[in-house]
1. If I build a Gaussian network model for chain A, linking alpha-carbon pairs within less than 10 angstrom, which residue out of A:38, A:56, A:67 has the largest mean-square fluctuation?
2. When the scattering of segment B:107-203 is computed by the Debye formula from its Cα atoms alone, each counted once and equally, what is log10 I(q)/I(0) at q = 0.16, 0.21 Å⁻¹?
3. Output the pairs from A:48/A:101; A:48/B:263; B:162/B:242; B:111/B:179; B:178/B:203; A:187/B:187 with a Cα-Cα distance over 28 Å in this structure; if there are none, say none.
4. Which whole-Hz couplings ³J(HN,Hα) result when phi for each residue of segment B:207-217 is put into the Karplus expression 6.51 cos²θ - 1.76 cosθ + 1.60, θ = phi - 60°, listed in order with x for Gly and Pro?
5. Highest GNM mean-square fluctuation, chain A, Cα pairs closer than 10 Å: which of A:20, A:154, A:173?
6. What percent does the relative contact order of chain A come to when contacts are Cα pairs within less than 8 Å and at least six residues apart?
7. To the nearest 20 Debye, how big is the dipole of segment A:1-159 about its Cα centre, given +1 on the beta carbon of each Lys and Arg and -1 on that of each Asp and Glu?
8. To the nearest 10 Å², what's residue B:104's accessible area with a 1.4 Å probe?
Amino acid sequence: MDKGSTHGHHPQPLPDVALRVKALEALLIDKGLIATDAVDKVAEAYEKDIGPLNGAKVVARAWVDPAYKGRLLKDATAAIAELGFSGMQGEHMVVVENTDKVHNMVVCTLCSCYPWPVLGLPPVWYKAPAYRSRAVIEPRAVLREFGLELDDTREIRVWDSSAELRYMVLPRRPAGTGGMSEQRLAKLVTRESMIGVAEANTPGKARKGA
Amino acid sequence: MLDQLTWTPEIGPAEMLSPPNMIRNGGAGRACLRKPDIFSHQLETIAHSRVLRVGCVCDTQVSFKPLTAALQAVRGVRKMNGVHDLGGMHGFGSVQAERDEPVFHRPWERKVFGIMVATMAQGMYNVDEFRFGIEQMDPVHYLESSYYEHWLETVQKNLIDKGLIKRPELEAKLRGLKKSGSAVVPKRRDPALAERLIEIAHKGDDYMREPLAPHFAAGDRVRARNINPPTHTRLPRYVRGKTGVIERVRGTFVTPDTNAIGKGEQPQPVYSVRFNAKDLWGEQAEGNEVVYIDMWEKYLEPA
């Protein structure tokens with residue numbers, strides 16, 4: 001889509017936005033303000049290294065290690081850094097715990113603030129007006145669209161990331177995972193469960209979305 | 001105390017809108033962003049910019065010109081009850097989640113992401129100026145365009161406002177690319193910059209400042225002030241005038257309302273404030289719901 005398609009001998013014009021990005025990049029390179037390798041490498045870091053697998057490791061550790069979980073809920077930034085994760089948009093982390101009585105979900109109604117070091121860059125739905133407008137006014141209806149029907153007795157806590165604090169949900173450990181290793185547990189932790197629009201997967205269910 | 005509570009983040013006359021000190025002190029300033037020591041020194045002087053403090057990333061002498069254009073642009077904008085403030089709106093349909101979504105959907109999104117990190121991390125603008133740039137988009141364009149197109153708009157706007165690029169140059173570049181057909185972008189390598197950006201991605205910034213004594217404590221009832229500033233704020237409309245309870249003190253943070261418009265960091269305590277959904281949405285609220293919002297002290301008054 002982004003590259004000039006060459007069907008036959010009539011190249012399709014580039015979409016305007018792609019061309020505008022090229023113009024900006026070319027101008028900044030002409031001026032020596034940015035470099036191609038720098039731009040590409042930092043984007044690649046978020047494609048390859050910085051994603052929801054990081055958050056899944058944090059959750060799995062909290063599930064198997066009560067002392068770690070205690071530190072995570074008390075000072076999430078430091079506890080997450082213990083596992084080697086830190087950085088932009090995760091400087092001031094807060095982890096909120098789901099229990100049988102409480103379900104947490106995270107939104108940014110004003111833009112799309114999101115904890116990059118543990119979840120990577122946000123999915124399109126998280127950034128789109130439907131989620132941002134509705135999560136605070138009808139969270140249960142939103143959760144139903146993700147296939148999660150919450151019992152009325154379970155309090156729902158919505159965290160609107162309006163400042164520089166970044167939130168991650170610690171989902172409930174699924175039943176039937178008593179003897180599982182930390183590595184296997186991490187595979188049950190989806191991105192959606194750490195935003196709070198889903199529960200973690202149960203052992204029989206294929207990993208999705210993360 | 002009263003002053004604090006009656007504070008309104010208004011735009012003053014142009015001379016009150018303080019551009020960075022380095023500019024005020026010397027007209028057009030030049031910041032070498034290469035050596036960490038020099039960079040740090042310059043950071044001291046960029047007192048009003050929230051920029052990354054982890055060191056230098058640039059091999060270039062970057063010229064900053066006085067922010068006249070930026071300030072004029074800000075003064076012309078009186079519309080910050082913007083479309084970006086979406087909380088509680090109806091009509092946007094169901095949430096459409098994509099299975100196995102890629103990190104970037106198009107090569108240009110990937111480029112915009114990298115350009116944003118490369119320019120903001122070099123201190124060319126701060127995160128609040130970045131967000132304010134998006135909020136100044138035409139509302140129809142905002143809703144019709146994607147997230148990374150918002151980023152393209154604000155990166156361009158901020159670089160133009162700071163005098164680092166000029167709009168006619170950008171337009172000329174675009175015309176040239178259109179004419180050429182091949183749209184080839186020149187390449188430039190700077191491994192040191194690449195390395196620094198990766199380091200910054202993993203280290204991050206720090207938005208906290210020297211702690212100030214908080215006026216409120218956990219358990220205090222507070223009301224979100226009914227303010228309608230014409231410039232940037234992080235106080236969502238849906239909570240203004242509503243009453244909640246301080247959950248906890250989060251620490252002292254840079255204030256976005258001022259940092260976005262060249263009026264400095266002006267740090268304040270930030271609180272996590274709990275609102276009952278019924279107090280926000282009345283009868284239409286879903287049951288058994290609370291909303292937590294992080295709020296700067298001057299957004300709040302005792303209730």
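1. A:38
2. -0.81, -1.29
3. Details: A:48/A:101 36 Å; A:48/B:263 38 Å; B:162/B:242 38 Å; B:111/B:179 21 Å; B:178/B:203 39 Å; A:187/B:187 40 Å.
Among A:48/A:101; A:48/B:263; B:162/B:242; B:111/B:179; B:178/B:203; A:187/B:187, the Cα-Cα distance tops 28 Å for A:48/A:101; A:48/B:263; B:162/B:242; B:178/B:203; A:187/B:187.
4. So the J values, rounded to whole Hz, are 9, 8, 10, 3, x, 10, 5, x, 7, 10, 10.
5. Its mean-square fluctuation being the largest, the pick is A:20.
6. 22 percent
7. With Lys and Arg at +1 and Asp and Glu at -1, about 160 debye.
8. 20 Å²
The values are calculated or read from the model by the stated rules, or taken from the named source; none is laboratory data. Owing to the predicted nature of the structure, the values given are computational and were not obtained by experimental measurement. Positions of Cβ are backbone-derived with ideal geometry, glycine not excepted, and every protein chain shown enters the neighbour counts. SASA here: full protein model, heavy atoms, side chains in, ligands and nucleic acids out. Shrake-Rupley method; radii C 1.70, N 1.55, O 1.52, S 1.80 Å.
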